[in-house]
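Quick note: the coordinates plus some simple rules give every number you see, no bench work behind them. Please read all numbers here as calculations on a predicted model, not as lab measurements. Backbone-built Cβ (ideal geometry, glycine too); neighbour counts: all protein chains shown.
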Amino acid sequence: MSVIIRPRVSSDDAFILDVSGEAFREYSLGAQRGILHMAAAGRTLVAADGDRLLGFAIVEFSSDRSAHLTAISVAERERGRGIGKKLLAAVERLARAQGTKTLELATADSNLAALELFLGYGFRKKERLREYYARGQDAVRLTKEIE
């Protein structure tokens, strides 16, 4: 498998909608509603192997030299193959190039696979967010200092 990480193009949008539905519907009935708005407002990276799309990540940059990873997901059929790590590495490179000092995100505290990925990549727990998601699940805010 030869994975490349590239900027989103409009033809990726159907894939982003599908994968966000797979990944986020557990947390919100309208999970897909805002994803393309977030993708357009932030910087969206897509993981691909040739024409096969594998995953995506959306990051938004703030004027205070911080960045927020608003969404990251890998297609269910592609999980467990290191694609999430490759997306995180690309997000971190992009953040560093933007002069970002801190990268943060929120993820469901029940999403053990995501927590393992983020903690293994150097993120640290900052705080617990009670009833963060529309369906009432709690989340954890994680941060990583960019060197």
field: Full-extension gain in nm, residue 129 to residue 13, via 0.36 nm per residue minus C-alpha separation
entry: 38.8 nm
message: For q values of 0.15, 0.21 Å⁻¹, compute log₁₀ I(q)/I(0) with the Debye formula on a Cα-only model of region 4-145, without solvent.
response: -0.72, -1.50
query: Using a Förster distance of 41 Å, how high is the FRET efficiency between residue 37 and residue 147, based on the Cβ-Cβ distance and rounded to 0.05?
result: 0.85
task: Note down the nm distance, to one decimal, between modelled labels 7 Å out along Cα→Cβ at residue 66 and at residue 101.
output: 1.1 nm
message: Which order do the peptides 109-117, 79-87 come out in when sorted by mean C-beta neighbours inside 10 angstrom, highest first?
response: 79-87, 109-117
query: In percent, how large is the relative contact order of region 27-103, given Cα pairs closer than 8 Å and 6 or more residues apart?
result: 26 percent
query: So what is the 222 nm mean residue ellipticity for the chain from helices alone, if each DSSP H run of at least 4 adds -39500 (n - 2.57) and you divide by all residues, rounding to the nearest 500 deg cm²/dmol?
result: -9000 deg cm²/dmol
- request: Under a cut-off of 12 Å between alpha-carbon atoms, report the aspartates and glutamates in cross-link reach of residue 144, not counting same-chain residues fewer than 8 places apart.
  value: 92, 104
task: May I ask you to compute the full-extension gain from residue 2 to residue 116, defined as 0.36 nm times their residue separation minus their alpha-carbon distance, rounded to one decimal in nm?
output: 38.6 nm
